[in-house]
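Enquirer: Can you read through this structure? Questions will come right after.
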Amino acid sequence: QVQLVESGGGLVQAGGSLRLACAASGGSSRTYAMGWFRQAPGKEREFVAGIAWSGTTTYSTDSVKGRFTISRDNTKNTVYLQMNGLKPEDTAVYYCAARRVSITTKTYDYDYWGQGTQVTVSS
């Protein structure tokens, strides 16, 4: 069983930056692929970025490319999402998730989820 705890959310003005962190514990979390998802009010949860267990492979959705960077530190069992150039449309609850094997963009492929952290971007 893997437990995930997100942190780093908050309120920021448009154009600002935040760094989210997801601390993992239990199981062999450092061997899991990790993903960041987000869910805005009234919308479905959507994939933002993912990273393979080794950290050598990453993938992000088009709307955040060039602005968000996913990384991981397996010595700390932590995954990060550096968010720069934030826009009001990035406002959502951000979740991290873990699954064995490879990155996917589908929520149903992930076995473990954190409780989420709120990111609010004001215009």
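Enquirer: Within the stretch 99-112, is there a residue that is of a type in the set (Gly, Ala, Ser) and open to solvent by less than 50 Å² (accessible area, probe 1.4 Å)? Full working, then the answer.
Expert: Our first condition is that a residue be of a type in the set (Gly, Ala, Ser); within the stretch 99-112, this holds for 102.
In the following step, the residues that additionally are open to solvent by less than 50 Å² (accessible area, probe 1.4 Å) were identified as none.
Checked against the condition, which is being of a type in the set (Gly, Ala, Ser) and open to solvent by less than 50 Å² (accessible area, probe 1.4 Å), the stretch 99-112 yields no hits at all.
Enquirer: Any chance the stretch 2-12 includes a residue that's surrounded by 13 or more Cβ atoms within 10 Å (Cβ to Cβ), free of Cβ contacts under 8 Å to residues at least 24 places away in the same chain and either among the basic types (Lys, Arg) or under 26 Å from Ser123 (Cβ atoms) (or both)?
Expert: no
Enquirer: I'm told Gly42 meets every condition in (1) in contact with a helix residue (DSSP H, G or I) (Cβ under 9 Å, 6 or more places away or on another chain); (2) part of a loop (DSSP other than H, G, I, E, B); (3) of a type in the set (Gly, Ala, Ser) except one. Can you identify the failing condition by its number?
Expert: Here Gly42 clears every test but (1).
The values are calculated or read from the model by the stated rules, or taken from the named source; none is laboratory data. In this text the structure is predicted, and so the values were computed from the model without any measurement. Cβ: placed from backbone, ideal geometry, glycine included. Neighbour counts: every protein chain shown. All accessible areas refer to the heavy atoms of the entire protein, side chains included, with ligands and DNA or RNA removed. Shrake-Rupley method; radii C 1.70, N 1.55, O 1.52, S 1.80 Å.
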